[in-house]
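The values are calculated or read from the model by the stated rules, or taken from the named source; none is laboratory data. Keep in mind it's a predicted model, so treat the numbers as computed, not measured. Please note: Cβ atoms are built from the backbone with ideal geometry, for glycine as well, and neighbour counts cover all protein chains shown.
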Amino acid sequence: GGLITLDRGFKNTGSCESAITFLDGEKGILRYRGYAIEELAENASFLEVAYLLIFGELPNETQLEKFYKDIKEESHVDEEMKKILDGFPKSAHPMGVVSSLTNALIAFNPSSVNVESEEEMYKAIIKILAKFPVLCAWALRKRTGQPLDYGDSSLSYVDNVLKMMFKKANEDFEIDPVVSSALNKLLILHADHEQNCSASTVRIVGSSHAGLFASISAGISALWGPLHGGANQAVIDMLEGIKEDGGDTKKYMAKAKDKNDPFRLMGFGHRVYKNFDPRAKIIKKSADDVLSSLGIEDPVLDIAKGLEKEALEDQYFVDRKLYPNVDFYSGIIYRALGIPTDMFTVMFALGRLPGWISQWREMRLQKEPIGRPRQVYTGETHRAFVDITKR
Ligand code: CMC
């Protein structure tokens with residue numbers, strides 16, 4: 001072989017050509033298929049954005065209607081899957097539950113695996129868009145001890161998610177427009193982010209021609225980590241910790257800067273954004289709007305704002321171009337919507353699903369070769385075998 005270039009963490013290596021998401025980290029620009037994230041978050045429904053990401057164009061009314069009709073027809077999850085859910089302890093982290101259930105779906109939908117034609121791909125895509133929110137709702141209801149609930153096909157995709165998650169047994173359920181629009185916006189802001197850790201995972205798993213669901217399940221595992229999507233849970237855990245410790249943000253700023261202390265300011269910093277994260281800007285404003293509309297005062301919001309202010313003026317953070325990222329304020333909104341902390345990353349996964357699907361579909365349609373990075377070997381050169389009695 002030729003010379004191998006070493007690029008730890010793929011900081012400067014492009015893994016593919018992609019026409020899905022444009023990101024300019026210096027200017028803080030994020031666009032899906034050419035449309036600014038700000039405009040989509042303000043005007044579009046999450047399902048329209050899903051269609052846009054996956055198929056490349058905003059749908060017209062007929063296309064959107066058909067897309068949603070196809071999804072509704074596939075929203076049934078096999079009853080046997082409930083036994084798998086029952087097998088998990090109540091304390092199980094919902095990300096593990098959701099990733100396992102996504103993989104388990106393959107057993108009940110084997111035709112979704114060997115998909116070659118666009119039509120077969122479409123069927124698999126519809127199935128996962130339909131069934132994944134059900135699995136997320138199951139994970140939440142298991143966590144909160146509520147019996148499982150069925151969807152309602154008269155509701156929009158996002159409102160149906162809310163109903164499946166929050167409808168209490170023997171009680172009517174009304175959609176709060178503030179909650180519905182906040183969730184719609186959050187899901188759109190999370191819908192894709194080009195070649196991040198989980199999208200790259202989905203692509204690399206899918207590049208072996210493992211099926212879509214197996215690839216998505218792997219993506220969920222990648223998202224779980226606190227350096228990636230798990231940061232949204234870690235932020236609230238951190239803010240709560242600071243609050244309980246007396247609210248001394250300066251102390252935690254010092255810890256974050258101390259190279260001998262493993263503590264990092266969660267929800268800060270980004271591999272690509274070096275000026276600001278456009279998603280964080282929108283989410284910060286949304287957090288203020290949602291809390292005031294719902295009449296909620298959350299002391300951790302003040303701690304978050306205090307930390308942000310200090311960090312933006314601090315030389316350490318300025319030098320390293322560390323700004324609040326998408327995860328810094330999103331948890332405060334999820335909390336206001338009544339979502340338990342360890343479900344936050346599941347909400348991220350629900351939003352990211354169309355992105356993973358579009359990355360997988362593009363990879364397959366472009367007939368990408370199997371993903372297989374090289375290495376620079378640093379181990380022993382050659383040693384003679386030593387019998388176990390002589391070691
Ligand atoms: N707090 C304190 N110092 C930090 C932080 C932070 N949150 N983030 C980066 N740094 C420092 C880091 O120690 C390094 O310092 P030095 O140059 O002195 O060694 C410098 O900034 C560059 O950081 P890096 O870790 O080399 O950058 P990276 O591109 O490898 O990592 C990151 C990016 C997002 C993993 C990292 O900033 C981080 O760990 N942030 C906290 C976790 C987080 O919020 N993750 C969510 C990311 S956005 C959404 C998502 O992906 O889900």
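Below are the figures for this structure:
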quantity: Count of segment 17-46 residues which are surrounded by fewer than 17 Cβ atoms within 10 Å (Cβ to Cβ) and over 20 Å from Val158 (Cβ atoms); calculated: 10
quantity: One residue from Lys255, Lys259, Lys243 being part of a helix (DSSP H, G or I), within 14 Å of the ligand (Cβ to nearest atom) and farther than 10 Å from Trp356 by Cα; calculated: Lys255
quantity: Matching residues, segment 313-341, being loosely packed, with under 14 Cβ neighbours inside 10 Å and aliphatic (A, V, I, L, M); calculated: Val318
quantity: Unique residue being within 12 Å of the ligand (Cβ to nearest atom), in the same structural domain as Tyr35 (by TED's automatic domain parsing) and of a type in the set (Ser, Thr, Tyr) when the list is Ser200, Ser208, Ser215; calculated: Ser200
quantity: Residue within segment 372-383 that is part of a helix (DSSP H, G or I) and not hydroxyl-bearing (Ser, Thr, Tyr) present; calculated: no
quantity: Condition met for Leu53 (assigned to a helix (DSSP H, G or I) and touching a strand residue (DSSP E or B) at 6+ places or on another chain (Cβ under 6 Å)); calculated: yes
quantity: Subset of segment 69-102 (residues that are of a type outside the set (A, V, I, L, M), buried (at least 16 other Cβ atoms within 10 Å of the Cβ) and closer than 28 Å to Thr341 by Cα); calculated: Ser75, Phe88, His93, Pro94, Ser99, Ser100, Thr102
quantity: Entirely in segment 74-144, the helices (runs of 4 or more DSSP H) that have 1 or more residues that are modelled with pLDDT under 95; calculated: 118-144
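Rundown of residues vs (1) within 19 Å of the chain's Cα centre (by Cα); (2) in the same structural domain as Val161 (by TED's automatic domain parsing); (3) under 30 Å from Pro133 (Cβ atoms); (4) not small (Gly, Ala, Ser), yes/no style:
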{"position": "Gly355", "(1), (2), (3), (4)": "yes, yes, yes, no"}
{"position": "Trp360", "(1), (2), (3), (4)": "yes, yes, yes, yes"}
{"position": "Arg372", "(1), (2), (3), (4)": "no, no, no, yes"}
{"position": "Tyr377", "(1), (2), (3), (4)": "no, no, no, yes"}
{"position": "Thr381", "(1), (2), (3), (4)": "no, no, no, yes"}
{"position": "Ala384", "(1), (2), (3), (4)": "no, no, no, no"}
{"position": "Lys390", "(1), (2), (3), (4)": "no, no, no, yes"}
